[in-house]
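Following: one structure in structure tokens, then a few remarks.
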Ligand SMILES: [Zn+2]
């Protein structure tokens, strides 16, 4: 499940260490249309949104 960081609203995987506190979200916001929109490297093992 993706987590939205409460500080800068960036999106991360649950185990990512790049955010202090966050809120789990059930699906990505509409703004996220491709893997490139997920800027943190915690997503780097995925090639496309469909894989997540
Ligand atoms: Zn991350």
Select from the stretch 1-17 the residues that are in contact with a strand residue (DSSP E or B) (Cβ under 6 Å, 6 or more places away or on another chain) and in a loop (DSSP other than H, G, I, E, B) and list them in ascending order. 1, 2, 6, 14
Residue count for the stretch 36-52, restricted to those that are at pLDDT 95 or above, surrounded by 13 or more Cβ atoms within 10 Å (Cβ to Cβ) and within 12 Å of residue 12 (Cβ to Cβ): 4
Could you check the stretch 9-24 and list, in sequence order, the residues that are surrounded by 10 or more Cβ atoms within 10 Å (Cβ to Cβ), at negative phi and more than 11 Å from the ligand (Cβ to nearest atom)? 23
Anything in the stretch 25-52 that is within 16 Å of the ligand (Cβ to nearest atom) and either assigned to a loop (DSSP other than H, G, I, E, B) or in contact with a strand residue (DSSP E or B) (Cβ under 6 Å, 6 or more places away or on another chain) (or both)? List them, or say none. 25, 28, 29, 32, 38, 39, 40, 42, 44, 45, 46, 52
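The values are calculated or read from the model by the stated rules, or taken from the named source; none is laboratory data. Quick caveat: nothing in here was measured; it's all calculated off a predicted structure. Heads up, the Cβs are rebuilt from the backbone with ideal geometry, glycines too, and the neighbour counts pull from every protein chain shown.
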